[in-house]
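What follows is a single structure, written as structure tokens, with notes after it.
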Amino acid sequence: MLYTLLCYNKEDVVWSWSKAEDEAVMSRLNVVHEKLVQEGKLGPALRLLPTTTATTLRAPDMVIDGPFAETKEQLLGFYVIDVPDLEAALDVARQLSAANPTSVYEIRPIALYVPESRPNASKDRVKAY
């Protein structure tokens, strides 16, 4: 069975780390990543960029800067799309919103980590962002 682990932290703290502090945290995480890779348990891991880079589509034509879902709404899933820019991402979100009009889509750029040494890793070329 597949699970998604959503990592929560205080954004203002994380994004205030110096490069050395961030690298130290990532180094500790990489120890866990490598263990999970060796066990064949780790798929792609995503690091969301700051909420200041987020855009929310609340209705077909209501685009808001920032991650402004209502507190009564819960994160139910996510899509990873490969498009050239925010406008193209909004176009995809509009298509999804038309198919599911009660949903809200937060659009945020991501940084991608793909452990290529997983035993069951895809042999397809992976685009690094």
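The values are calculated or read from the model by the stated rules, or taken from the named source; none is laboratory data. Fair warning: this is a prediction, and the values are worked out from it, not measured in the lab. Every residue, glycine among them, receives a Cβ derived from its backbone with ideal geometry; neighbour counts consider all protein chains shown. Heavy atoms of the whole protein, side chains included, go into the accessibility calculation; ligands, DNA and RNA do not. Shrake-Rupley method; radii C 1.70, N 1.55, O 1.52, S 1.80 Å.
Listing for the model above:
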read-out: Residue count for segment 33-54, restricted to those that are out of contact with any Leu (no Cβ under 9 Å at 6 or more places or on another chain) and either among the aromatic types (Phe, Trp, Tyr) or closer than 15 Å to CYS7 by Cα (or both); value: 4
read-out: Condition met for GLU34 (exposed (fewer than 13 other Cβ atoms within 10 Å of the Cβ), out of contact with any strand residue (DSSP E or B) (no Cβ under 7 Å at 6 or more places or on another chain) and more than 26 Å from ALA99 (Cβ to Cβ)); value: no
read-out: Qualifying residue in segment 38-53 (condition: farther than 15 Å from PRO109 by Cβ, modelled with pLDDT of 85 or more and open to solvent by 50 Å² or more (accessible area, probe 1.4 Å)); value: yes
read-out: In segment 92-103, the residues that are modelled with pLDDT of 80 or more and either outside any helix (DSSP H, G or I) or surrounded by fewer than 14 Cβ atoms within 10 Å (Cβ to Cβ) (or both); value: GLN95
